[in-house]
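Here's the structure we're looking at; comments come further down.
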RNA sequence: GGAGCGUUGGUCAAGGGGUUAAGACACCUCCCUUUCACGGAGGAAUCACGGGUUCGAUUCCCGUACGCUCUACCA
């Protein structure tokens, strides 16, 4: 049978796309690819107040960066248009009405003040949050308690109302979750959820069922936090007469805070100093910039990789997976049931592995942009890529390239004289003077030659070659880092090498 | 309070009636490198607790504890 997988999103009140969201899409994507099925990503705009301008485009951009949506497939394209919830309002209303007509749902006219009153009135120690359920609904203002005439009068005069599902008493509702196996609930314990809101928009519960049916969805993955509302959805599929077509569900484990417990949130990122969003996001209300993995220097391959293995493992020792390998090896059966704490150190390790694994040419454009932002212009692409490949094993983030490679293209602003000074003396200064002169007339400019010359000159001047290597490095790169010095000298060229040594000598003098 | 779900080192985790309970990140020691990394060798550290079942439970069952999620006209 043809599989049709869908992911549904609601932009959070502040917007942004967090780790859990991307992972959900990723698992969906892998599953869809495995079964050569369709893959649908939808974004809710159910509540205009919550809908954040730009969120849709932003989410699409993030997913594109991750390689999870092809460019030609806009999130809301496809044969079942319209896709936006606001444009489907009438469809939901029609099914809600059907449920009322069949006696599975009812009108409720209670105002929010009345609901609040009910919650206070029936609140007890044993039951701190009373629910609008099979017992309490008899005490509220709804079409079950009001006479038919009164209900009709209220409806014709346009009184605000919602449609609530009428949960049956003591029925066992069960489903087979692709990850957890059979899960069951007693209907008595669940409340009469609102299906259609007073503004005529559906709640998630109604929308998800109606859309999944109409759009012929066969598989739906969502976060574990949805498990408690599964009985409502099962009942809806049943009451609407579609139970045979109910998609298979998989409830994914949560991504937890690195410290303590609980769902990972944006706040944790701020607090602990790591991103939780895929890409930079500016909260339109506060103008606050929330950092994203991409801008912080993550490779999409690494990002997907680390997300994939946070809650899934193929049983082998392999940890680095390309998208192709993930498609081949991913299986829902091996997804964990328990949540996993996010570990930023490990995340950086994944990125490091990918930086090393990929040829620099695959990310040189991004790095070039970073150089540009730091005021360093690159003119020779081939040379740039060569340098990146030379230093990449020292970089955990793309942004690390700036420190690790900037000195190849522009002389260090300032050198770490403090590291040389203690052992500096006139003999060494003299040595470098001579060395510069000899470099000027060296025949072939290559690392081996530059090194041999240094050693010979040192021996000649009665200095241990090792003692001048660190000063040389610091003069050339500015600090104690970077690849082997002689290779650096070879790449930056004769004139630049000599210039930097002379500059270094001057700095040490002063 | 209730319901659902979960619990292998600090973290991610493999495994699953009999094992020296893999591996990775982080941490520590050493080697390599007269820089910083990479790399290599080694170290410390784990089956939440209590009852069963069993010749034998980390593994199966039941409790307990703990944690999380939900308990909105949010998703």
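Pairs needed: first member in the stretch A:110-136, farther than 18 Å from residue A:187 by Cβ; second member anywhere, within 6 Å of RNA strand B (Cβ to nearest atom) and not in a loop (DSSP other than H, G, I, E, B); C-beta distance under 9 Å; at least 6 residues apart or different chains.
Hits for this filter: A:110/A:162.
Of the conditions (1) within 11 Å of RNA strand B (Cβ to nearest atom); (2) under 39 Å from the mean Cα position of the chain (by Cα); (3) in a helix (DSSP H, G or I), residue A:114 fails just one. Which one is it?
Among (1) within 11 Å of RNA strand B (Cβ to nearest atom); (2) under 39 Å from the mean Cα position of the chain (by Cα); (3) in a helix (DSSP H, G or I), the lone unmet condition for residue A:114 is (2).
Taking the condition of being touching a residue at least 40 places away in the same chain (Cβ under 8 Å) and assigned to a helix (DSSP H, G or I), how many residues in the stretch A:406-449 meet it?
Kept after step one, since they are touching a residue at least 40 places away in the same chain (Cβ under 8 Å), are these residues of the stretch A:406-449: A:407-408, A:411-417, A:419-421, A:423-424, A:428-429, A:432-433, A:435-436, A:439-440, A:442, A:445-447.
Still in the running and assigned to a helix (DSSP H, G or I): A:407-408, A:417, A:419, A:421, A:423, A:428-429, A:432-433, A:435-436, A:439-440, A:447.
Total satisfying the criteria: 15.
Could you go through the stretch A:210-224 and let me know if any residue there is under 23 Å from residue A:195 (Cβ atoms) and without any contact (Cβ under 8 Å) to a residue 60 or more places away in the chain.
Taking every residue of the stretch A:210-224 in turn, at least one turns out to be under 23 Å from residue A:195 (Cβ atoms) and without any contact (Cβ under 8 Å) to a residue 60 or more places away in the chain.
When the residues of the stretch A:175-218 are filtered to those that are buried (at least 21 other Cβ atoms within 10 Å of the Cβ) and under 15 Å from residue A:40 (Cβ atoms), which remaining residue is farthest from the chain's Cα centre (by Cα)?
A:210
Which residues, counting only those in the stretch A:150-173, are within 13 Å of RNA strand B (Cβ to nearest atom) and over 24 Å from residue A:202 (Cα atoms)? Please lay out each step first, then the result.
Going through the stretch A:150-173, the residues within 13 Å of RNA strand B (Cβ to nearest atom) turn out to be A:154, A:159-165, A:167, A:170, A:172-173.
Answer for the stretch A:150-173, where residues must be within 13 Å of RNA strand B (Cβ to nearest atom) and over 24 Å from residue A:202 (Cα atoms): A:170, A:172.
On the given criteria, is residue A:335 within 16 Å of RNA strand B (Cβ to nearest atom), touching a strand residue (DSSP E or B) at 6+ places or on another chain (Cβ under 9 Å) and closer than 30 Å to residue A:181 by Cβ? Walk me through how you get there before you give the answer.
Values: within 16 Å of RNA strand B (Cβ to nearest atom): yes; touching a strand residue (DSSP E or B) at 6+ places or on another chain (Cβ under 9 Å): yes; closer than 30 Å to residue A:181 by Cβ: yes.
Taking the combined requirement at face value, the residue satisfies it.
Within the stretch A:355-368, is even one residue under 28 Å from residue A:270 (Cβ atoms), touching a strand residue (DSSP E or B) at 6+ places or on another chain (Cβ under 8 Å) and assigned to a loop (DSSP other than H, G, I, E, B)?
Quick first cut of the stretch A:355-368, residues under 28 Å from residue A:270 (Cβ atoms) only: A:355, A:363, A:366-367.
Still in the running and touching a strand residue (DSSP E or B) at 6+ places or on another chain (Cβ under 8 Å): none.
No, the conditions are met nowhere in the stretch A:355-368.
Give the stretch A:223-254 a look and list any residue that's near RNA strand B (Cβ under 9 Å from one of its atoms), in contact with a helix residue (DSSP H, G or I) (Cβ under 7 Å, 6 or more places away or on another chain) and within 25 Å of residue A:313 (Cα to Cα), or say none.
A:223, A:251, A:253, A:254
Looking only at residues that are under 17 Å from residue A:112 (Cβ atoms) and buried (at least 16 other Cβ atoms within 10 Å of the Cβ) in the stretch A:122-149, which one is nearest to RNA strand B (Cβ to nearest atom)?
Step one: list which residues in the stretch A:122-149 are under 17 Å from residue A:112 (Cβ atoms), which gives A:122-123, A:129-132, A:136-137, A:139-142.
Pick out the ones that are also buried (at least 16 other Cβ atoms within 10 Å of the Cβ) and you get A:130-132, A:136-137, A:140-142.
Values: A:130: 7, A:131: 5, A:132: 6, A:136: 11, A:137: 12, A:140: 11, A:141: 10, A:142: 11 Å.
Out of the qualifying residues, it is A:131.
Throughout, read-outs are computed from the coordinates displayed, never taken from laboratory work. Quick caveat: nothing in here was measured; it's all calculated off a predicted structure. Counting neighbours? That spans all protein chains shown, and the Cβs are built from the backbone with ideal geometry, glycine included.
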